[in-house]
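Data block below; observations after.
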């Protein structure tokens, strides 16, 4: 095997993303390993994914009510409207528009309460319950996770 063949083999391994190539010919053996940056890049993608980041959030949420018994008793009579998806929470249909709902507003089942943008798609979120908005739990234009509480509603 000459130098040009070895260079071509190295280029092939680096372009194809192969981890390792070994060639053995008549008393000559060569082993070429791909760069280590590609496997690290592939491992980094799952670390960025939401399931890893979502695990600490419920722990923090469940720890907060445990430390303040009075507020957890007050909130227990309310129903929580939760995010059905991961995305960006918007209280208004547009920058110059009024909020869908404010604290003190009465809502009916099927009323639009917010928008969640996911992958450049704006999804209008409808209420599954009727009642009165007691608290908005998320700031406008904030990222939200799946099943994250968005509003507290008094069903009475």
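The values are calculated or read from the model by the stated rules, or taken from the named source; none is laboratory data. These numbers were taken from a predicted model, which means no experiment stands behind them. Note that we place each Cβ from the backbone using ideal geometry, even for glycine, and neighbour counts take in every protein chain shown.
Where strands (runs of 3 or more DSSP E) fall entirely within segment 94-156, those with at least 3 residues that are under 14 Å from residue 84 (Cβ atoms) are at 112-118, 121-126, 149-154. Among the residues examined, residue 32 qualifies as over 30 Å from residue 139 (Cβ atoms), modelled with pLDDT of 50 or more and surrounded by 10 or more Cβ atoms within 10 Å (Cβ to Cβ).
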